[in-house]
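Input: a single structure, listed below in structure tokens.
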Amino acid sequence: MTNQNTISRESDLSGGEYKWGFVSDIETDLAPKGLSEDIVRLISAKKEEPDWLLQWRLKAYWHWVDLFENEAEPTWAKIDYPKIDYQDIYYYAAPKGTNEAPKSLDDVDPEMLATFEKLGIPLQERAVLAGVAVDAVFDSVSVATTMGKQLGELGIIFCSFSEAVKNHPDLIKKYLGSVVPYTDNFFAALNAAVFSDGSFAYIPPGVRCPIELMTYFRINTEGSGQFERTLIVADEGAYVSYLEGCTAPFRKTSQLHAATVELVALDNSEIKYSTIQNWFPGTKDGEGGVYNFVTKRGRADKNAKISWTQVETGSAITWKYPSVILKGDNSVGEFFSVALVNNHQQADTGTKMIHIGKNTKSTIVAKGISAGKGSNTYRGQVQIMPGAENAVNHTQCDSLLVGDECSAHTVPYIEVRNPTARLEHEASTSKVSDDQLFYLMARGLSEEEAHHMIITGWSRDVIKELPFEFALEAAQLLKVSLEGAVG
Amino acid sequence: MLEINNLHASVVDIENSEILKGINLKVNKGEVHAIMGPNGSGKSTLANVLMGRPDYEVTAGSVVFYGESILGLRAEERAHRGMFLAFQYPAEIPGVRPWQFLKAALDSKAESRGEDKMSVRAFSKLFDEKVEAVGINPTLVKRSLNEGFSGGEKKRNEMLQLEVLQPSLAILDETDSGLDVDALRIVAEGVNSMRSPERSFIVVTHYQRLLNYITPDVVHILVKGKIVRTGGPDLALEVEKDGYKEYLAAAGANA
Ligand SMILES: Nc1ncnc2c1ncn2[C@@H]1O[C@H](COP(=O)(O)OP(=O)(O)OP(=O)(O)O)[C@@H](O)[C@H]1O
Ligand SMILES: [Mg+2]
């Protein structure tokens with residue numbers, strides 16, 4: 001690591017006086033490029049974080065430096081990308097005018113709202129009409145939270161991560177890093193050090209969250225990375241369904257996105273987490289696009305259930321394995337995924353189900369669609385620990401090929417350390433057939449519509465797991481993402 | 001309505017693969033034509049070529065539908081103009097509901113004609129009516145299109161589509177094969193009830209028994225890619241009795 005302003009590690013952690021070596025203007029909304037201890041401190045200071053959080057970030061930072069120096073950036077995934085220059089990235093970028101958190105939509109920059117409109121996210125209508133509370137993270141700072149009041153009456157907390165640090169420090173302190181510690185992996189360490197913002201939700205015991213909670217993420221500033229952090233805690237007997245949407249504008253240079261999501265499902269609770277990931281996939285020729293390295297994991301306590309549903313159509317590179325630690329007896333983990341790659345996109349995605357408790361049950365339905373020159377890998381791990389009596393896993397893993405230049409790979413790992421476990425694994429690979437296409441076209445559908453119908457039909461088992469409005473959006477996305485691959 | 005002249009067709013990218021060797025056929029408005037012929041004579045190929053299947057290449061001849069050549073049109077454009085093919089082997093499409101598929105088919109037809117799309121409500125009503133009319137088990141249409149359907153169920157599903165889409169020219173490729181007696185009657189009743197001065201049918205069949213229910217105006221015998229004989233309903237009875245030996249011998253001698 002190069003860092004002109006480095007203070008020794010010891011003095012870092014001592015929390016003594018600190019001088020911003022490089023930042024002439026603390027009011028700047030864009031910190032200089034590069035990663036250093038100073039940047040970590042700057043981010044923490046900008047957010048007026050308590051010292052314990054700064055210390056946590058710094059520990060994560062130094063852990064990351066160690067990993068970096070030991071070349072521990074993971075290389076096992078079937079993805080191929082130029083080496084990331086971590087010093088050529090902006091780690092903090094706040095949209096103008098958001099130094100003060102907006103109190104209502106009126107306080108939000110109209111241009112920002114216009115951008116949301118363009119993305120088809122009419123914040124106001126969508127939030128209110130569809131009964132979705134939206135927490136939108138624009139670059140790094142959360143710009144709007146709606147429906148807060150209604151939720152507040154139920155004791156539900158739904159806000160940006162930064163606000164949660166300010167207003168609910170005990171909850172953050174208790175659960176931050178409890179499922180994904182900063183030592184977990186290279187990107188988790190990076191995220192812990194520099195995470196900018198994200199969402200926090202807490203559902204009190206016995207409360208069923210009456211609406212879908214939703215966050216929209218967007219990377220805006222050129223050359224900036226995005227490192228959001230999401231933490232959702234369902235207290236005993238609570239239920240919540242959470243939606244996450246992601247978009248990024250067209251950029252010829254690649255952008256790094258390294259997010260972390262932690263879910264904590266306490267006894268008898270349920271968390272349903274749905275993602276539509278449509279980060280910019282790069283141009284047709286493979287220029288630019290988002291590098292999406294994401295760590296998502298949930299812990300399910302006794303009788304708790306965690307479901308991950310994802311529709312992944314964006315990003316040049318996807319490295320993502322939403323997982324469930326089935327810690328409590330009778331806990332349930334689910335993973336439903338459609339990953340689509342087109343042009344030069346590469347996805348290496350799947351899940352990990354770690355069975356610890358007795359009678360734990362997991363279901364994996366992973367569907368990969370490959371088109372263009374895309375490469376799609378399912379990587380899944382099912383681990384049955386010695387104490388997991390009568391654990392059950394069902395894995396279904398299907399690939400669909402569109403065209404001849406794409407590829408699909410399946411890498412299932414299974415580790416069984418308890419003989420009472422029952423595991424089933426089904427896998428298939430198919431192609432869109434001429435018979436299917438002609439059948440639909442003979443009824444009046446265009447070739448593109450026919451392809452789309454076949455592909456969404458094939459993905460149905462996953463899409464039907466999404467909340468209704470999201471399901472429509474997902475089907476639409478599959479269509480748009482396949483443009484140019486068919487017809 | 002439909003005029004086929006000297007139609008020759010081969011399989012794309014396979015040399016010397018001519019299957020249709022000069023078909024001539026004229027179907028007027030309101031007529032029902034039956035096409036019979038031995039296995040492999042080219043009946044399904046003719047049906048597919050008429051519908052625009054890209055696997056075949058027309059090497060000579062013309063097909064005129066409502067006064068316009070349709071050979072340059074894609075399958076969906078032919079469908080929009082009122083053609084319909086009930087497939088001999090309907091494709092299975094996982095995850096697609098018959099309802100959703102038919103609504104999309106109707107919508108795209110309406111769109112191409114600049115008409116309003118049918119409301120979901122009106123469509124649901126129509127769909128349910130037709131499901132009952134063709135005697136499809138209602139649980140079947142909640143499943144994936146044709147996936148795991150029995151042979152007869154697939155054929156009934158083709159009839160359902162025919163009845164919903166109400167085309168002006170319906171080509172039925174062995175829709176009667178593999179049907180039990182009741183289903184056969186349903187197919188026949190469907191066709192008969194849809195018969196109108198504005199609508200024509202080409203019914204490909206191996207069995208005279210269908211023609212007991214649907215009285216064709218004209219019967220053609222297709223052998224080795226050519227129509228070798230055309231006649232009235234009695235021709236079907238003749239074939240039932242004598243088979244195709246005579247025609248095959250003649251076609252062989254000509255070849
Ligand atoms: N796509 C194709 N590629 C190669 N050969 C084909 C193709 N389509 C049809 N054929 C051949 O053309 C001939 C006519 O086939 P077709 O399916 O039209 O017969 P048919 O009259 O419908 O027979 P059946 O009564 O058995 O349904 C057969 O020999 C068949 O193998
Ligand atoms: Mg045939």
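The values are calculated or read from the model by the stated rules, or taken from the named source; none is laboratory data. Bear in mind the structure is a predicted one, so any value in this text is a computation, not a measurement. Positions of Cβ are backbone-derived with ideal geometry, glycine not excepted, and every protein chain shown enters the neighbour counts.
From the list B:Lys125, B:Lys142, which residue is at pLDDT below 90, under 26 Å from B:Ala188 (Cα atoms) and surrounded by fewer than 13 Cβ atoms within 10 Å (Cβ to Cβ)?
B:Lys142
Here is a check on your reading of the model: is B:Leu169 within 16 Å of ligand 2 (Cβ to nearest atom), under 24 Å from B:Val131 (Cα atoms) and crowded, with 19+ Cβ neighbours inside 10 Å?
no
May I ask you to list the residues in the stretch B:102-120 that are at the interface with another protein chain (Cβ under 7 Å from one of its Cβ atoms) and of a type in the set (Gly, Ala, Ser)?
B:Ala104, B:Ala105, B:Ser108
So that you can scan it fast, the table gives a plain yes or no per residue for (1) within 13 Å of chain B (Cβ to nearest Cβ); (2) touching an Asp or Glu at 6+ places or on another chain (Cβ under 8 Å):
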residue	(1), (2)
A:Ser370	no, no
A:Arg379	no, yes
A:Leu401	no, no
A:Val416	no, no
A:Leu440	yes, yes
A:His452	yes, no
A:Ile455	yes, no
A:Leu477	no, no
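If a residue must be in a loop (DSSP other than H, G, I, E, B) and away from chain A (no Cβ under 11 Å), how many such residues does the stretch B:38-72 contain?
Going through the stretch B:38-72 one residue at a time, the tally reaches 10.
Sort through B:Leu20, B:Leu46, B:Leu7, B:Leu25 and tell me the only one that's buried (at least 22 other Cβ atoms within 10 Å of the Cβ) and away from ligand 2 (no atom under 16 Å from the Cβ).
Of the residues listed, the single one that is buried (at least 22 other Cβ atoms within 10 Å of the Cβ) and away from ligand 2 (no atom under 16 Å from the Cβ) is B:Leu7.
If I ask for residues that are more than 14 Å from chain A (Cβ to nearest Cβ) and either part of a helix (DSSP H, G or I) or farther than 24 Å from B:Thr205 by Cα (or both), which ones from the stretch B:130-147 would you list?
Across the stretch B:130-147, the qualifying residues are B:Lys130, B:Val131, B:Glu132, B:Ala133, B:Asn137, B:Pro138, B:Thr139, B:Leu140, B:Val141.
Select, from B:Asp176, B:Asp182, B:Asp128, B:Asp116, the only residue that is farther than 22 Å from A:Glu447 by Cβ, among the charged types (D, E, K, R), away from ligand 2 (no atom under 16 Å from the Cβ) and in contact (Cβ under 8 Å) with a residue 24 or more places away in the chain.
B:Asp182
Report yes if B:Phe127 is under 16 Å from the mean Cα position of the chain (by Cα) and away from every other protein chain (no Cβ under 14 Å), otherwise no.
The answer is no for B:Phe127.
Mind checking which residues of the stretch B:85-101 are farther than 24 Å from A:Leu400 by Cα and facing another protein chain (nearest Cβ under 8 Å)?
B:Leu85, B:Phe87
What are the pairs with Cβ atoms under 8 angstrom where one residue, in the stretch B:225-237, is under 16 Å from B:Leu248 (Cα atoms) and the other, located anywhere, is part of a loop (DSSP other than H, G, I, E, B) and at pLDDT below 90? Sequence gap at least six, or different chains.
That search, which allows pairs on different chains as well, returns nothing.
Looking at B:Glu147, B:Glu163, B:Glu158, can you tell me which residue is among the charged types (D, E, K, R), in contact (Cβ under 8 Å) with a residue 40 or more places away in the chain and closer than 22 Å to B:Ala75 by Cα?
It is B:Glu158.
Quick one: in the stretch B:72-112, of everything that is among the hydrophobic types (A, V, I, L, M, F, W, C) and within 16 Å of ligand 1 (Cβ to nearest atom), which residue is nearest to A:Thr456 (Cα to Cα)?
Within the stretch B:72-112, the match that is nearest to A:Thr456 (Cα to Cα) is B:Ala91.
If you scan the stretch B:3-57, which residues turn out to be touching a Lys or Arg at 6+ places or on another chain (Cβ under 9 Å) and free of Cβ contacts under 8 Å to residues at least 24 places away in the same chain?
B:Gly40
Just checking, how many residues over the stretch B:25-49 are within 12 Å of ligand 1 (Cβ to nearest atom) and out of contact with any helix residue (DSSP H, G or I) (no Cβ under 6 Å at 6 or more places or on another chain)?
Counting residues in the stretch B:25-49 that are within 12 Å of ligand 1 (Cβ to nearest atom) and out of contact with any helix residue (DSSP H, G or I) (no Cβ under 6 Å at 6 or more places or on another chain) gives 12.
Checking B:Met159 against (1) surrounded by fewer than 17 Cβ atoms within 10 Å (Cβ to Cβ); (2) in contact with a helix residue (DSSP H, G or I) (Cβ under 8 Å, 6 or more places away or on another chain); (3) among the aliphatic types (A, V, I, L, M), which single condition isn't satisfied?
B:Met159 satisfies every listed condition except (1).
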